[in-house]
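This report refers to the structure that appears directly beneath it.
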Amino acid sequence: MKPIKLLVVGGVAGGASCAARARRLCEQAEIIVFERGPYVSFANCGLPYYVGKVIKNEDDLLVASPELFKNRFNIDIRTCHNVRQVFAREKEIEVQDMNSGRIYREKYDALVLSPGSEPIRPPLEGINLPGIFTLWTIPDSRAIIQWIKSKRVKRAVVVGGGFIGLEMTESLTRLGIQTTVIEMQPHLMPSLDPEMAAFLHDHLTAGGVELRLNSAVTAFRSGKDSISVLLASGQTISTDLVILSVGVRPRTELAVSAGLRIGETGGIWVDDQMRTSDENIWAVGDAVEVEDVVTKLKRLIPLAGPANRQGRIAADNIFGDKSRPHRFRGSQATAVCGVLGMTVASTGVSEKYLKKIGQTDYEKIYLHPDNHAAYYPDAKTITFKLIFAKADGRVLGAQAVGLDGVEKRIDVIAMAIQMGATVFDLEEAELCYAPQYGSAKDPVNLAGMIAANTLNGQVAVGHWHDLSESEDYVLDVREPEEFEEDHFPKAVNIPLETLRFRLSELPRNREIWAHCFVGQRSYYACRILQQHGFKVKNLSGGFQLYPAVKAYKELLKN
Ligand code: FAD
């Protein structure tokens, strides 16, 4: 049998993992990878840390070289080779060697497209002025570093508060550059819900970062030794450097040239084996649309983990045992970002997204557990939100922010979501425990227990957005000293320990909103009151959620 000739377009996350897996499956195949840029298999996720001098050596970003691919895998890597067109009927691609200018065609038996996505540069006045950068490649990071050095940059503006924008904010701040983040939405990190993002806002502001939320950039102008960033509000910010991180779009030109089906979201359509609408062409990574594990809707989820897994799956389906197809399970947008010591992580759907798609059959709970046993030194609070189906308790999404232990919990929930687990499974999850790492009831167990309590009628939860501070009957069961410090304007303070003796003070003809600081004491209070015939709700997330909620409500007013 004639050996299969596999061509791969794009030599980074999805493309490189596909090519290497293909070789492990088939010694006889001819494998060529075309990469437009000068490097193959580089760590694009590490670029913000290279700019921030955490990664000191540029070479450390090069995960594998063309020589390594040749020597270890017998794969022909052609860097600085741009694939211009795909002729699907002829099973050929047209390539340009960008060094010599030579244009040639290459035949394939199987073609894998992994061209990634590209950063969006909105068509604003002045968008191409010197000093305005996107961060996507090693040359991009080099240019930013050079600009910072040569212009002695003291002030920077980051436009867009997603994870690349925030990682750059951290890097610039650590370099001593006064950084302003401009975000069009009312909150940073679009994967979070606004009240959760508010914790991040506080943290960044405390770390010296200036935030301009609900702010749209309308133009850039060149000033004397500076760049003016014009906002829709009419304000102007003067800066030395602009980093644009306002989102990405899938690269689909080659797929279009091949006549491949483009999906409803604008990404390349693929089946669950990563095969496109052409039987000889597969596509992976940022360029494709994927099925959301939770909602089953198509989405664009540009992340490194899915790209790598999809690359491997495409190779498995091209070279592996055909009787056992390898299926991509879909993606759930599990992501983590660290900013100035705070970790923000999420998996599955956010409440915002559920509202957008009109799904209402869900419930949510908030909790603020410690990352490990409170008695062990340096315990840190994690603020956690769990979203689950009302009907059967299936876990739909989770978000967490905190200084330690955040991503470990989100990873557990991510696996639970992938396995279709419920909050009752989280209650029972058996997880690592020693005082320095966790608690005998891990935050994941606690989240499951609180959620299960709400579903099985042990306690009714109430949420911050439904509470009318001026009209509802609010019972604060904290200690008087805590109450004195701050409380809801019309709250009645009856500490939990005295509650059983003061039931006569409570109304029987209206609903009581019980709360404490995090929600635990008020849960106990709810159990007491419920068993004495009161109609009562536990304010999920307690008073600890309130500074964030207030900040968010303030923002919405502006
Ligand atoms: P890429 O890895 O981008 O590779 C595509 C390659 O194809 C590019 O090198 C491009 O030059 C090449 N190419 C395109 N068109 C052609 C053509 N016509 N001919 C030849 N070559 C072509 N994800 C995370 O999950 N976690 C993170 O922390 C994270 N951090 C990131 C930080 C930065 C700064 C960036 C830029 C991305 C980050 N990502 C992160 C996203 C992650 O890197 C991408 O999701 C992943 O690399 C996508 O893999 P891919 O193979 O689809 O595309």
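Could you give me the residue pairs with C-beta distances under 9 Å whose first residue belongs to region 9-28 and is away from the ligand (no atom under 13 Å from the Cβ) and polar (S, T, N, Q), whose second residue is in a loop (DSSP other than H, G, I, E, B) and at pLDDT below 95 wherever it lies, and which are 6+ apart or on separate chains?
So the pair list comes out as Q28/M1; Q28/P3; Q28/I4.
Out of all the residues in region 64-96, which are away from the ligand (no atom under 11 Å from the Cβ) and under 28 Å from Q146 (Cα atoms)?
A64, S65, P66 - these are the residues of region 64-96 that are away from the ligand (no atom under 11 Å from the Cβ) and under 28 Å from Q146 (Cα atoms).
Does any residue of region 52-62 turn out to be farther than 21 Å from V112 by Cα, in contact with a strand residue (DSSP E or B) (Cβ under 7 Å, 6 or more places away or on another chain) and either aliphatic (A, V, I, L, M) or near the ligand (Cβ under 10 Å from one of its atoms) (or both)?
Checked region 52-62: at least one residue is farther than 21 Å from V112 by Cα, in contact with a strand residue (DSSP E or B) (Cβ under 7 Å, 6 or more places away or on another chain) and either aliphatic (A, V, I, L, M) or near the ligand (Cβ under 10 Å from one of its atoms) (or both).
From the list T173, T180, exactly one residue is more than 16 Å from the ligand (Cβ to nearest atom) and either part of a strand (DSSP E or B) or among the acidic types (D, E) (or both). Which is it?
That would be T180, the only listed residue that is more than 16 Å from the ligand (Cβ to nearest atom) and either part of a strand (DSSP E or B) or among the acidic types (D, E) (or both).
Which one of the conditions (1) surrounded by 15 or more Cβ atoms within 10 Å (Cβ to Cβ); (2) more than 10 Å from the ligand (Cβ to nearest atom); (3) closer than 30 Å to G160 by Cα does P123 fail to meet, given that it meets all the rest?
It is condition (1) that P123 fails.
With the structure loaded, tell me whether R502 is in contact (Cβ under 8 Å) with a residue 12 or more places away in the chain and not acidic (D, E) or whether it fails that test.
no
When the residues of region 29-41 are filtered to those that are assigned to a strand (DSSP E or B) and of a type in the set (D, E, K, R), which remaining residue is farthest from the ligand (Cβ to nearest atom)?
E30
Return the pair list, or none, for Cβ contacts closer than 6 Å from residues in region 148-175 that are under 19 Å from P130 (Cα atoms) and of a type outside the set (S, T, Y) to residues that are within 16 Å of the ligand (Cβ to nearest atom) and in a helix (DSSP H, G or I), at least 6 apart or on different chains.
A156/L172; V158/G165; V158/M168; V158/T169; M168/P48
Checking the conditions here, which among K364, K352 is among the charged types (D, E, K, R), part of a strand (DSSP E or B) and more than 11 Å from the ligand (Cβ to nearest atom)?
After ruling out the rest, the residue left standing is K364.
Of everything in region 42-76, what is free of Cβ contacts under 8 Å to residues at least 12 places away in the same chain and either among the aromatic types (F, W, Y) or farther than 25 Å from G176 by Cβ (or both)? Give them in sequence order.
D59, E67, L68, K70, N71, R72
Would you point out which residue out of M189, M196 is touching a residue at least 12 places away in the same chain (Cβ under 8 Å) and either charged (D, E, K, R) or closer than 20 Å to P119 by Cα (or both)?
The match here is M189.
Residues D425, D442, D411: which one is at pLDDT 95 or above and closer than 17 Å to H368 by Cα?
Being at pLDDT 95 or above and closer than 17 Å to H368 by Cα holds for just one of D425, D442, D411, which is D442.
Any idea which of G285, G341, G311, G330 is buried (at least 16 other Cβ atoms within 10 Å of the Cβ) and more than 8 Å from the ligand (Cβ to nearest atom)?
After applying the criteria, what remains is G330.
Residues S228, S245: which one is of a type in the set (S, T, Y) and away from the ligand (no atom under 15 Å from the Cβ)?
That would be S228, the only listed residue that is of a type in the set (S, T, Y) and away from the ligand (no atom under 15 Å from the Cβ).
The values are calculated or read from the model by the stated rules, or taken from the named source; none is laboratory data. No experiment lies behind these values; they were computed from the predicted model shown. Backbone-built Cβ (ideal geometry, glycine too); neighbour counts: all protein chains shown.
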